[in-house]
1. Each label point is 7 Å from the Cα along the Cα-to-Cβ direction; what then is the distance between the points at Lys16 and Phe90, in nm?
2. Label points 7 Å out from Cα along the Cβ direction at Asp43 and Ile134: separation in nm?
3. In debye, nearest 20: dipole of the chain around its Cα centre with unit charges on the Cβ of K, R (+) and D, E (-)?
4. Ignoring ligands, DNA and RNA, please state the percent of accessible area on segment 18-144 from carbon and sulfur, probe 1.4 Å.
5. Ranked highest first by the average count of other Cβ atoms within 10 Å around their residues, in what order do 139-146, 77-84 fall?
6. Taking loop as defined by DSSP and a crowding limit of 12 other beta carbons within 10 Å, which GluC sites (Glu not before Pro) in segment 25-131 fit?
7. Just reorder Arg119, Arg100 by solvent-accessible area, largest first, 1.4 Å probe, all chains present.
8. Taking Cα centroids, how far is segment 29-49 from segment 63-118 in Å?
Amino acid sequence: MQQSEPVQNAPFWQVKSLQQMTITEWESLCDGCGKCCLNKLIDEDTEELVFTNVACNLLNTKTCQCSDYGNRFKKEPDCLQITHDKIAEFNWLPSTCAYRLLAEGQSLPAWHPLITGSRSAMHQAGQSVRGKVIHEVHAGDWADHIITWAS
């Protein structure tokens, strides 16, 4: 039996594993939705992870981008870097996240910027945090801000 040849001109995310991707390819998987920048809580009784609409203070709530990406770990010690070696831990990421989807063997959603060529489709599909969040400094008790649309 012959082995099948790789599909010509297939996008990198369909032919490479997450570990095989270059840094540029890896970074381009991020759709820029901002959901990973939302604060999460763990239910004390069930240990279930729940999302809040409370955003990191560095998140630009209009662009859904970090306002100081290069210094985020210095300014926000709780910020987590998503890397190849933490794939097993991706279950905390939103179900729409490309890193999580690919780690689980799924496809990118039709609105993903790598498919559409821009972030506009993601925002139009309601998949970003634009217009849906508040910053930590204005939130008060995070338990009052639990949401289901980001998980």
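The values are calculated or read from the model by the stated rules, or taken from the named source; none is laboratory data. Owing to the predicted nature of the structure, the values given are computational and were not obtained by experimental measurement. No Cβ is skipped: glycine too gets one built from the backbone with ideal geometry, and neighbour counts run over all protein chains shown. SASA here: full protein model, heavy atoms, side chains in, ligands and nucleic acids out. Shrake-Rupley method; radii C 1.70, N 1.55, O 1.52, S 1.80 Å.
1. Computed distance between label sites Lys16 and Phe90 equals 1.4 nm.
2. Each label point is offset 7 Å from its Cα along the Cβ direction, giving 2.3 nm.
3. Here the size comes out at about 720 debye.
4. 49
5. Packing proxy ranking, top to bottom: 139-146, 77-84.
6. Glu44, Glu47, Glu48, Glu104
7. Arg119, Arg100
8. Spelled out, the Cα-based centre of one part sits 11 Å from the other.
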